[in-house]
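Data block below; observations after.
The values are calculated or read from the model by the stated rules, or taken from the named source; none is laboratory data. Quick caveat, the model's predicted, so the values are computed rather than measured. Cβ atoms come from the backbone with ideal geometry, glycine included; neighbour counts cover every protein chain shown.
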Amino acid sequence: MNNPIPAVASVAAWVAVVVGAAGGVVLVRGLVSEARRWLPAHRDGACAGGLLVVDDPTPAAVAVPGLPGRIVVSSGMLRALSTDERRVLLAHEQCHLDAAHWLYRFAVRLAAAVCPPARPLVSPCDQALERWADEAAATAIGDRRLAAQAVARAPSPVTAPRRHGATAPRPRVSPSGRSAPG
């Protein structure tokens, strides 16, 4: 019987399937880890609208997608910024929610998981999405200088990445999370 697919091509295809499946497992594990870290805060009913402040001295802010999407900010981040800079931070995070940046991040990470040569695209995608949110915040606030100042002072995932495999402690909901920052 004549086999139309050469053995080498068949082996290469199976290797690609295994590598893609392994990459998918790594992606799902990372997403589950992040979800476990932030979903308790997202589900908390003590949010002031779409904002939740968690009691954590580490400066951090994240836009958690969902219905409704929420902005989760650590008390350490709020202490690090002035009132005007907080407005920039909230506008920046709101842009992530409004433009569904999580979909872009997911698509690029999925592509990198199933196609290892696409892995170098993850960091530039993250940087582009952060820049997009920075520009949207500057436009929303109407003060580019203030936006630049806030961006320079606030640590971001792009400028202060966690070590690979490192996990951050789960944030605790603060009683102050019941109201938006000053």
Q) Which residues, taken from segment 75-118, are of a type in the set (Lys, Arg) and touching a Gly at 6+ places or on another chain (Cβ under 8 Å)? A) Arg86, Arg109
Q | Restricting segment 64-114 to residues that are among the hydrophobic types (A, V, I, L, M, F, W, C) and not in a helix (DSSP H, G or I), the residue that is farthest from Ala128 (Cα to Cα) | A | Leu67
Q | Counted residues, segment 17-62 - those being outside any helix (DSSP H, G or I) and modelled with pLDDT of 75 or more | A | 13
Q) Across segment 119-162, which residue is surrounded by the fewest Cβ atoms within 10 Å (Cβ to Cβ) among those that are assigned to a helix (DSSP H, G or I) and modelled with pLDDT under 90? A) Ala152
Q. List pairs: first in segment 11-23 and touching a residue at least 12 places away in the same chain (Cβ under 8 Å) and on the phi < 0 side of the Ramachandran plot, second of a type outside the set (Ser, Thr, Tyr) and surrounded by 11 or more Cβ atoms within 10 Å (Cβ to Cβ), Cβ under 6 Å, 6+ apart or cross-chain?
A. Gly20/Val114; Gly23/Ala113; Gly23/Val114
Q. Taking segment 51-105 as the region of interest, how many residues are among the charged types (D, E, K, R), in contact (Cβ under 8 Å) with a residue 60 or more places away in the chain, crowded, with 19+ Cβ neighbours inside 10 Å and farther than 21 Å from Asp143 by Cβ?
A. 1
